[in-house]
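Below is one structure, written out as structure tokens; the observations come after it.
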Amino acid sequence: MKIAFVTDIHLEEPQVTGYGASPRKNWERLLDHIRASGPDMLIFGGDIGAASAHAYFAQSLKSFPGVRMVLGNHDRYGAVRESMPQFVRGNSTQSFTETIGGRKCLFLDSSTGSLDSRQLNLLAKTLDENVPIAIFIHHPVLPVTGYVDTHYPLGGREAIHRMINESNAEITIFCGHYHMADVRRSGNITQYITPAACYQIAKGVDKLIPDPTYFGYRIIELGNDIQTHCVIFDQ
């Protein structure tokens with residue numbers, strides 16, 4: 001199962017264009033490339049942007065055969081449910097499980113900056129199945145030194161980390177939020193952060209240093225084994 005994972009486009013947000021990024025231009029270029037590569041599914045990793053961009057965003061995805069989505073801290077479940085009900089799963093959060101390419105997948109909604117008790121219960125129940133799991137979530141679970149990690153981490157991530165580490169399951173996390181590419185491991189967890197589709201943020205410093213010179217997305221080959229790599233574009 002070939003998946004295109006795209007995250008953090010931030011459409012129609014003035015601050016983003018102020019950094020020198022061109023979100024809509026980037027988005028259209030990414031979608032052209034993804035369409036030509038012929039994935040079986042497109043998963044969006046959160047932070048669509050302003051609610052005024054929802055209609056354009058939904059229309060731009062109509063030609064893709066399978067679209068799944070998690071929400072980021074710049075998204076609101078109610079607004080997405082109202083404007084794009086075709087992409088919404090779940091009753092109060094965008095969280096659900098699905099088997100894709102023979103692998104159990106868990107989609108979690110961290111749009112409030114943390115996971116509520118229902119999602120934590122869903123995570124615990126999924127871990128109890130003791131099978132390899134791919135988790136799609138906007139916020140990283142494992143820390144990465146940088147501005148966003150310092151100021152806007154996932155709330156309660158230490159407890160989530162412990163919960164996953166205490167399971168016997170092999171866990172692969174696909175996320176965004178930090179506007180950078182990163183891979184790291186901790187016990188049974190492998191975490192892949194995907195570059196933002198709009199602009200990047202410098203890693204390793206507690207200062208917001210935007211870099212609009214490149215953007216990208218991730219290709220995931222999901223099956224018994226997981227293979228993944230980033231596709232990078234220059235502005």
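The values are calculated or read from the model by the stated rules, or taken from the named source; none is laboratory data. As the structure is a computational prediction, the values presented were derived from the model and not from experiment. Neighbour counts run over all protein chains shown; Cβ positions are idealised from the backbone, glycine included. Protein only, heavy atoms only, side chains kept; ligands, DNA and RNA dropped before computing areas. Shrake-Rupley method; radii C 1.70, N 1.55, O 1.52, S 1.80 Å.
What net charge is computed for the residues neighbouring LEU123, neighbours being all others with C-beta under 13 Å from the C-beta of LEU123, Lys and Arg scored +1, Asp and Glu -1? Intermediate results must be reported in sequence, preceding the final value.
Details: positive: LYS104, ARG118, LYS125, ARG157, ARG162; negative: ASP109, ASP116, ASP128, GLU129, GLU166.
That works out to 0.
Charging the Cβ of each Asp and Glu at -1 and of each Lys and Arg at +1, and nothing else, the dipole of the stretch 123-235 about its Cα centre rounds to 200 debye. Accessible area per residue was computed with a 1.4 Å probe on protein heavy atoms; HIS229 scores about 100 Å². Take every Cα pair under 8 Å in the stretch 109-213 that's 6+ residues apart, average their separations, divide by the length, and report that relative contact order as a whole percent. Answer for the stretch 109-213 is 27 percent. Rounded is the label for the chain, because a/c, from the alpha-carbon gyration tensor with a ≥ b ≥ c as root eigenvalues, stays below 1.5.
Mind checking the dipole of the chain: about its Cα centre, +1 per Lys or Arg Cβ, -1 per Asp or Glu Cβ, Debye to the nearest 20? Walk me through the numbers on the way to the answer.
Numbers: 21 positive and 24 negative charges, 47 e Å.
Dipole size: approximately 220 debye.
Highest mean first, the peptides 87-99, 16-28, 135-147 sorted by other C-beta atoms within 10 Å per residue fall in the order 135-147, 16-28, 87-99.
Measure up LYS2/LYS25; LYS25/LYS62; LYS2/LYS62 against 21 Å on the Cα-Cα distance and list the ones that go over.
LYS2/LYS25
Computed with a 1.4 Å probe over protein heavy atoms only, the accessible area of ARG35 comes to about 100 Å².
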